[in-house]
Amino acid sequence: MMRIAIGSDPNAVEEKYRLIEFIKKSNLGEVTDFGSDDAIYANVAIEVAKQVSDKNFDRGILLCGTGLGMSIAANKVKGAYAALISDIYSAKRAVLSNNANIACVGAFTIGDKLREELIYAFLTNEFDNKSPSKIKVDAYVEYDVKR
C-alpha cells in the first residue's frame, strides 16, 4: 500500500482533511498528516519533503492557498521533486514524464472535486524507467545528487 505524507498551511486545513478522507475512501494509500498549524508553511513543506526524500513515504501532498509556496519550499530538499498541479494532464505528466514525488495544490485556486481528481491522477500513475523521459529526469537527479 502506498505511504502518503500530507501537510498544509493554516489556510488549507479543511481542504487537507477532505483530501485525507478522499484518499482513505478511495483506497489510494495510507496517509500520515504532518500538520497545518505552522503559519510558516515552509516548515511543513520541508518536513514532508524530507520524509519523502528519505523514502519513509512514497509520495507527498502539500496544500496552501495557491500551492506555489509549498512547491518552492519542498523543492529545496534534495531528492524532493514537487510539482504544482492544477489540471489532470499535468497531474499525470508530473509523474509519468517527470517522476514527481510530491503534489502541491491550491486551496483557494481550485475546487474540491478537481483537487480530488488531481490527487487521484497523481497517486495512480507511476514513472516508467524505460520511457523517453528517463534521460531528462536523470539529468536533474544527477544535478541534485551533486549539490
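The values are calculated or read from the model by the stated rules, or taken from the named source; none is laboratory data. Since this is a predicted model, take the numbers as computed values, not measurements. So basically every Cβ, Gly included, is an ideal-geometry build from the backbone, and we count neighbours across all protein chains shown.
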>> I'd like the full set of residues that are small (Gly, Ala, Ser), touching a residue at least 24 places away in the same chain (Cβ under 8 Å) and in a helix (DSSP H, G or I), limited to segment 93-147.
In response: Ala94, Ala121
>> Cβ-Cβ distance below 7 Å, separation of 6 or more or different chains: which pairs start in segment 1-13 with a residue that is without any contact (Cβ under 8 Å) to a residue 40 or more places away in the chain and over 13 Å from Lys24 (Cα atoms) and end on one that is surrounded by fewer than 16 Cβ atoms within 10 Å (Cβ to Cβ) and of a type in the set (A, V, I, L, M)?
In response: Pro10/Ala39
>> Just checking, does segment 39-59 include any residue being part of a helix (DSSP H, G or I) and closer than 18 Å to Gly111 by Cα?
In response: no
>> Only one of Ala49, Ala39 is in contact with a helix residue (DSSP H, G or I) (Cβ under 8 Å, 6 or more places away or on another chain) and modelled with pLDDT under 95. Can you tell me which?
In response: Ala39
> Has segment 1-17 got at least one residue that is part of a helix (DSSP H, G or I), small (Gly, Ala, Ser) and touching a strand residue (DSSP E or B) at 6+ places or on another chain (Cβ under 9 Å)?
Replying inline: yes
>> Please count how many residues of segment 87-111 are more than 13 Å from Leu123 (Cα to Cα) and under 12 Å from the mean Cα position of the chain (by Cα).
In response: 2
> Among Val95, Val105, which is the only one that is more than 17 Å from Ser8 (Cβ to Cβ), of a type in the set (Val, Ile, Thr), buried (at least 23 other Cβ atoms within 10 Å of the Cβ) and modelled with pLDDT of 95 or more?
Replying inline: Val95
> Considering only residues of segment 1-17 that are surrounded by 15 or more Cβ atoms within 10 Å (Cβ to Cβ) and not small (Gly, Ala, Ser), which is farthest from Ser71 (Cα to Cα)?
Replying inline: Arg3
>> Restricting to segment 60-83, count the residues that are in contact with a strand residue (DSSP E or B) (Cβ under 7 Å, 6 or more places away or on another chain), among the small types (Gly, Ala, Ser) and in a loop (DSSP other than H, G, I, E, B).
In response: 3
